[in-house]
Amino acid sequence: MRRELGLALLVAYAAAARAAEGPQPDNPFEGARFYVSPGWTAQVESAAAASPEKAALVRKVASQPVALWIDSSDDAMHAVPRWLDDARGQLAVLVLYDLPNRDCGARSSAGELGPEDEGRYRTDVVDPLATQLRAHAAQRIAVVIEPDALANLATNENIPKCAESNEIYRRSIAYAIATLSMPHVSLYLDAAHAGWLGWDGPRGKVAAIFKDVLDRAGGARKIRGFATNVSGYGVLRGDDARRLESGNPCPDELTYVERLSDDLAKLGITDKTFVIDTSRNGRAGVRSRSNQWCNIEGAGLGERPRASPAPGVDAYFWIKVPGESDGASDPKAAGFDAACASEDSAPGAPEAGQFFPAYFLGLVDRANPPVK
């Protein structure tokens, strides 16, 4: 009898441990009310006020949800609690984006932390975020982990800043995953997009990087899945990526998700789901090359955020805030990146993260499906 009781307790403890060490298995987007922040509504209203002839159409977008980007320690400590308090009873989507040496392959969105600040990333960004997540344990929360970071390790290892960041990124992201994994929090590790990692070689390489980082974090069970096309322009279905790069076996984001799932399964990472950013991927044929990424002229809003739109996909969601600039087009501006003055980029763009009303209006005009 005592032995049976001991076994029962062990089973109960094991079940409790499993429940505590990772997100719930259910799709957090399914059946959820999506939180729409006042800040986003105000941005839309500013664009409507600046273009009265389009105001009625523009205001229809204000009801769509967007994510909160945590790109500084100040955001982690102050913006997050305000956002979560206001979003009670609704799904809140956050993006953690403040790695040391952030965005090692570009200049426009370099962050506040350098390679010597790995400790600060833990104590000033991840730990305060974890405190806020625990304080909202009754709420559904989804967190996208560090856009572009691990993709840079897969393809930009020849860039000195990325080579310097390799171990920093792996350790820091593993720490973030291990610390933020909670029963009510669904974590999605960023997986770039078809136009960046669609080829068999880069896809296999990034899958191996994911495996290493997840092993360091305590296992693949710590995350619910992966996020793709964050701030990207890749169409859901079509031949756009193959048109731009004829050898790319992943012509669109849904094919990329399928192929990446196969690569992950070869490494024992199975049953993972995806969130695809559709904030500006409504139009194909708007770029001359798939590596053009900054404020692409001719882009349009894509599918509206919704749950379970395709097999293996938890949601389409506007992770990138439509209309927020990728970087300044003026060479004299701080954080200027030459990519933001390319032939494909919209002129007159402000610095990264600032609202770009003219660009936003273009996204609404060219939305596909149209805004009605």
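Read the figures in this text as sums done on the coordinates, not as results from a lab. Small disclaimer: the values here were computed from a predicted structure and weren't measured. Note that we place each Cβ from the backbone using ideal geometry, even for glycine, and neighbour counts take in every protein chain shown.
Under 5 Å from the amide H of Thr278 lie the amide H atoms of Phe317, Trp318, Ile319, each residue being 5 or more positions distant or on a separate chain, with H modelled from the backbone and absent for Pro and chain starts. Taking the 0 to 90 degree range and rounding to the nearest ten, how far is the long axis of helix 200-217 tilted relative to the main principal axis of the chain, both from C-alpha atoms? So the helix axis and the longest Cα principal axis differ by about 40 degrees.
Sequence gap at least 6, Cα distance under 8 Å: using those rules, report the relative contact order of region 51-206 to the nearest whole percent.
The normalised contact order for region 51-206 reaches 24 percent.
For a 4.7 Å threshold on C-beta separation, the list of partnerless cysteines in the chain reads Cys250. Each residue in His136, His193 was given a count of other beta-carbon atoms within 10 angstrom of its own, and listing them fewest first yields His136, His193.
Quick one: of the DSSP bridges fully inside the chain, what percent are antiparallel, nearest 5? Walk me through the numbers before you get to the answer.
On the way: 6 of 32 bridges.
Given both bridge residues lie in the chain, the antiparallel proportion sits at roughly 20 percent.
Using a Gaussian network model of the chain in which every pair of alpha carbons under 10 angstrom is joined by a spring, one finds that among Leu133, Leu113, Leu180 the greatest mean-square fluctuation is at Leu113.
Which of rounded, prolate, oblate describes region 220-277, given a ≥ b ≥ c as roots of the alpha-carbon gyration tensor eigenvalues and a/c under 1.5 marking rounded, otherwise prolate only if a/b is larger than b/c? Because a/c hits 1.5 or more and a/b fails to exceed b/c, region 220-277 counts as oblate. Taking Cβ atoms as reference points and 15 Å as the exclusive limit, the residues near Gly362 contribute a net charge of 0, counting Lys and Arg as +1 and Asp and Glu as -1.
Which of Ile223, Ile276 has the fewest other C-beta atoms within 10 Å, and how do the rest follow up to the most?
On the way: Ile223 25, Ile276 28.
Fewest-to-most ranking of Ile223, Ile276: Ile223, Ile276.
What do you get for the angle between helix 38-50 and the principal long axis of the chain? Use alpha-carbon atoms, 0 to 90 degrees, nearest ten. For 38-50 against the chain, the angle is about 10 degrees.
If I take every Cα pair under 8 Å that is 6 or more residues apart in region 23-365, average their sequence separation and divide by the length, what percent do I get for the relative contact order? Show your work: numbers first, answer last.
Working: 752 pairs, mean separation 55.4, N = 343.
With pairs under 8 Å counted, the relative contact order is 16 percent.
Between the helical axis of 2-20 and the longest alpha-carbon principal axis of the chain there is an angle of about 10 degrees.
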